[in-house]
1. For a label point 7 angstrom out from the Cα of A:Lys133 toward its Cβ, which stretches of the stretch A:160-201 have the backbone nitrogen within less than 16 Å?
2. Based on Cα positions only, what radius of gyration and what Dmax would you give for chain A, in angstroms?
3. Under a cut-off of 22 Å between alpha-carbon atoms, report the lysines in cross-link reach of A:Lys259, not counting same-chain residues fewer than 8 places apart.
4. Work out from phi, with θ = phi - 60° and the Karplus expression 6.51 cos²θ - 1.76 cosθ + 1.60, the ³J(HN,Hα) of each residue of the stretch A:20-30, listed in order in whole Hz, and give x for Gly and Pro.
5. Under a straight-distance cross-link criterion of Cα-Cα below 20 Å, which aspartates and glutamates are reachable from A:Lys197, leaving out those fewer than 8 residues away in the same chain?
6. Give me the percent relative contact order of the stretch A:43-190, please, defined on Cα pairs under 8 angstrom at least 6 residues apart.
7. Report ³J(HN,Hα) in whole Hz for each residue of the stretch A:173-182, in order, from the Karplus equation J = 6.51 cos²θ - 1.76 cosθ + 1.60 where θ = phi - 60°; Gly and Pro get x.
8. Would you list which lysines come within 26 Å of A:Lys36, measuring only between C-alpha atoms, while excluding same-chain residues fewer than 8 positions from it?
Amino acid sequence: MPELPEVETVVRTLNGLIVGKTIRDVQVRLPRIIQKPDDPPLFAAMLQGRTFERVERRGKFIRMLLDGITLVSHLRMEGRYGLYRTGEPEELHTHVVFRFEDDTELRYKDVRQFGTMHLFVRGEEFEQPPLHKLGMEPLDELVFTYRAFRDLMAKRSTRVKPLLLNQEIIVGLGNIYVDEALHRAGIHPEREADSLKPSELKRLHESIVRVLRDAVDAGGSSVKSYVNGQGEMGYFQYSLRVYGRKGEPCQACGASIVKTVVAGRGTHFCPRCQKDKSRR
DNA sequence: TAATGCACCTGTGGGC
DNA sequence: TGCCCACAGGTGCATT
């Protein structure tokens, strides 16, 4: 499940793989992936002859900048990119193929078919869905300050976990890193955001930054199917303290990690380190 | 306006 | 062994 660290790793890998390559043609096998333009042949035609200049990240979205246009790609649950030689056998669930002039090709594979691609005139992507309403970048020190974080949390009565998952507030956090950040901060996932004390908000702010930075340094977490653009796994899954560790002892206190459902999401926490002090 | 619930989709694993 | 079904979760949309 690609969250910010996994997407950042894919972006870094793609920069080394496709920058400078010119597209000969594009094959769309699963039209559903192409959201904009709502016309896969036009999508292919717009990309033909263009050269990849660089690859960037905005939240969990990948921005591929070509001459004059931007391809915005979201991996959702299990999307992945890989560079192959033209003619190499194609794996199952390959939905979009970008063939280059040097007889290599970038393949987009997605078992669950949830991923999306949008094409924009360069610069216009920030004014339209899906990028137009995205929140703060948590690894941007100038943007994600404690003060900005505190002000956003203080006026929300909703539970802290779904709030942190809301990409209009903070981008890049998904189910894994929200559980990890809340555990490191010692905060129960069902606490109302506006009930958090300044000391708790401070810890949570620091935990979000720390867990994301550590995960980026580790190349992301390979939970289930995630690999980077070169088919390599990340290794932050070995540093996860609660996610996927139901029944195991908490590394901090030894209590058994609990799994429950919060806002429809599987949620892992330590009942001793993360006491529920909500008003409910 | 904000919060909540559900659909999308397929592979996996548990239960029978 | 094989079948069935719940579950996994990011996002967008509908509903409350």
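Quick note: the coordinates plus some simple rules give every number you see, no bench work behind them. Predicted model, so just to flag it, every value in this text is computed and none were measured. Counting neighbours? That spans all protein chains shown, and the Cβs are built from the backbone with ideal geometry, glycine included.
1. A:163-172
2. Gyration radius and largest Cα-Cα distance of chain A: 20.0, 62 Å.
3. Excluding near neighbours in sequence, the set is A:Lys161, A:Lys224, A:Lys246, A:Lys275, A:Lys277.
4. Those phi angles translate into x, 8, 9, 7, 7, 7, 10, 10, 9, 8, 10 Hz.
5. Here the aspartates and glutamates satisfying the reach criterion relative to A:Lys197 are A:Asp151, A:Asp179, A:Glu180, A:Glu206, A:Asp276.
6. On the way: 209 pairs, mean separation 27.7, N = 148.
Worked out over the stretch A:43-190, it gives 19 percent.
7. Values per residue, Gly and Pro as x: 7, x, 4, 5, 6, 5, 4, 5, 5, 5 Hz.
8. Result set, ordered by chain and number: A:Lys21, A:Lys60, A:Lys109, A:Lys133.
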